[in-house]
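Here the structure is laid out as structure tokens; the discussion comes afterwards.
We did not get these values from a lab; they are worked out from the coordinates using the rules stated. Everything quoted here is computed from the prediction, not taken from an experiment. Every residue, glycine among them, receives a Cβ derived from its backbone with ideal geometry; neighbour counts consider all protein chains shown.
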């Protein structure tokens, strides 16, 4: 029954090409493979308890209603511009930098504390797709790195991973906006280059840190980053066509892209099918991705 349900949730535009890519990755071996995943609505569910699940940015309540309201006003203004078909990419990129910059400024000015991040995550309507833990375990056993790319906030994503999965994975790293807290746990600044919805790709790799490392100098590139760059086969997971850009900075040989189409399915399915190698619809669990990963890592043809 599970397989039939999985098949009905899975759409493949070019099955022969997908088979060819799986074979190519399988022949190269797991040591050449890495996984690049978006976070919100890709690793997490789109619908949670019948309502829209929160994003890692959206769940944050900074314990100061005035500043929460100001951030909401920015969202109401900039979010429609992010998806406007009439604004060119260059202008849109400037607008996104402006939005993220202002939002980060409000978080500092409004006195965000690490404690309010913990509380926000504990109270948030957010949960992972079924099978995320099993996927991470499968990849960890084979030493395959997972890079989570997000235009959100690394510290919140780490807290969501810690509190909702109750487990840490040594192969999981986060490429996202990282906060700097003072000794009293107050946010004082952000570290490194601003990552927004239109520039999150492998160029931001040097901001990645293992999820279990709370601190440490993350400014310089590490040997681990170089080894990731040598992994030239990619399994990419995203929920927006723009997520395909996450592997832009990488000189990959073979990439299998998986798209999660969570809503507005009828209108979007044809462009998702053309853009991604595999599409999972209706907020599908991760079982299909695990099956795909096991085919890519199989020792049999």
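Could you sort the peptides 61-67, 287-293 by per-residue average Cβ neighbour count (10 Å cutoff), highest mean leading?
On the way: 61-67: 15.0, 287-293: 20.0.
Sorting 61-67, 287-293 by mean packing, highest first, produces 287-293, 61-67.
Rounded to the nearest 5, what % of the DSSP beta bridges within the chain are antiparallel ones? Display every interim value, and only then the final one.
On the way: 12 of 36 bridges.
If we restrict to bridges inside the chain, about 35 percent are antiparallel.
Could I get the Rg over Rh figure for region 51-123? Both from C-alpha atoms, Rh via Kirkwood, rounded to two places. Mind dumping the intermediate values first?
Details: Rg = 13.6 Å, Rh = 13.4 Å.
Result: Rg/Rh = 1.02.
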Enter the angle in degrees (range 0 to 90, nearest 10) between the Cα long axis of helix 265-275 and the first principal axis of the Cα atoms of the chain, meaning the one along which they spread out most.
70
Highest-fluctuation residue, 234, 258, 48 considered, GNM on the chain with Cα pairs under 10 Å:
48
Quick one: if you stick a label point 7 Å off each Cα along the C-beta vector at residue 188 and residue 52, how many nm between them?
3.7
Using a Gaussian network model of the chain with C-alpha springs under 10 Å, which one of 196, 79, 186 is most mobile by mean-square fluctuation?
79
Residues 297, 271 arranged by fewest to most Cβ contacts within 10 Å
271, 297
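Can you show me the helix-derived [θ] at 222 nm for the chain, built from DSSP H runs with n ≥ 4 at -39,500 (n - 2.57) apiece and divided by the number of residues, rounded to the nearest 500.
On the way: 10 runs with 121 residues, N = 301.
So the helix-based figure for the chain works out to -12500 deg cm²/dmol.
Find, to one decimal place in angstroms, the Kirkwood hydrodynamic radius of the chain, where the mean of 1/r is taken over every pair of different Cα atoms and then inverted.
On the way: mean 1/r = 0.0502 Å⁻¹.
It is 19.9 Å.
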Please list 85-95, 109-119 highest first by mean number of surrounding beta-carbon atoms within 10 Å per residue.
109-119, 85-95
Can you give me the angle between helix 154-165 and the longest principal axis of the chain, using Cα atoms only, in degrees from 0 to 90, rounded to the nearest 10?
60
Between residue 68 and residue 89, 0.36 nm times their residue separation minus their Cα-Cα distance comes to what?
4.7 nm
Exposure-ranked with fewest Cβ neighbours within 10 Å first, 40, 283 stand as 283, 40
Got a sec? How would 272, 252 order by Cβ neighbour count within 10 Å, fewest to most?
252, 272
